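Structure, as structure tokens:
The values are calculated or read from the model by the stated rules, or taken from the named source; none is laboratory data. What you see is a predicted model; the values in this text were computed from it and never measured. Cβ sites come from the backbone with ideal geometry, for glycine too, and all protein chains shown count toward neighbours.
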Amino acid sequence: MTYLSLKTFIRMVLTRRVQHKDKDFSCLDHFLALSFAQLTALESLRDIEINLRVQRLHLYHLGFRCKTISSNTLANANRVRLWEVFAELAHHLIGVARPLHANEHRAPSSTR
């Protein structure tokens, strides 16, 4: 999350107007929950809920501003929120990552 610019993310959220209805579970909380699931290879909303509840005392230190995260909250956010804001963020982060890894050597691809 070091390379995630909160200013850029907030600008993306405001231009897409995806934050206007839900105050308790922000787009940043949503992104962090989905990133946590991706990085820890969790496969279901229930898995995300259980693993984040174990860390509930540390949610603030992980970047979350909500108190708890339920699978119902995640399901509603996935249903209601526009996915385009996360796609735009992904393109931005790819643009940030490319210069950081430009000088790395690629492993030779194996041919069959």
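Taking the criterion of being in a helix (DSSP H, G or I) and under 18 Å from LEU89 (Cβ atoms), would at least one residue in the stretch 18-27 satisfy it? Before the answer, list the steps.
Kept after step one, since they are in a helix (DSSP H, G or I), are these residues of the stretch 18-27: 27.
Subset that is under 18 Å from LEU89 (Cβ atoms): 27.
The answer is yes; a qualifying residue exists.
How many residues are assigned to a loop (DSSP other than H, G, I, E, B) and in contact with an Asp or Glu (Cβ under 9 Å, 6 or more places away or on another chain) when one looks only at the stretch 61-100? Walk me through it before giving the result.
The initial filter retains those residues of the stretch 61-100 that are assigned to a loop (DSSP other than H, G, I, E, B), namely 61-70, 81-83.
Right, trim to in contact with an Asp or Glu (Cβ under 9 Å, 6 or more places away or on another chain) and you get 63-70, 81.
Number of matching residues: 9.
Which condition number in (1) part of a loop (DSSP other than H, G, I, E, B); (2) among the hydroxyl-bearing types (Ser, Thr, Tyr); (3) without any contact (Cβ under 8 Å) to a residue 40 or more places away in the chain is the one that SER35 fails?
So the condition that SER35 fails would be (1).
Does the stretch 48-57 contain any residue that is modelled with pLDDT of 85 or more, in a helix (DSSP H, G or I) and under 14 Å from the mean Cα position of the chain (by Cα)? Steps first, answer last, please.
Keep residues of the stretch 48-57 that are modelled with pLDDT of 85 or more, which gives 48-57.
So of that shortlist, the ones also in a helix (DSSP H, G or I) come out as 48-54, 56-57.
Remaining after also requiring under 14 Å from the mean Cα position of the chain (by Cα): 48, 52.
Yes, the stretch 48-57 has at least one match.
Please go through (1) within 24 Å of LEU100 (Cβ to Cβ); (2) aliphatic (A, V, I, L, M); (3) modelled with pLDDT under 90 for ALA41 and return the number of the only condition it doesn't satisfy.
It fails just one condition, (3).
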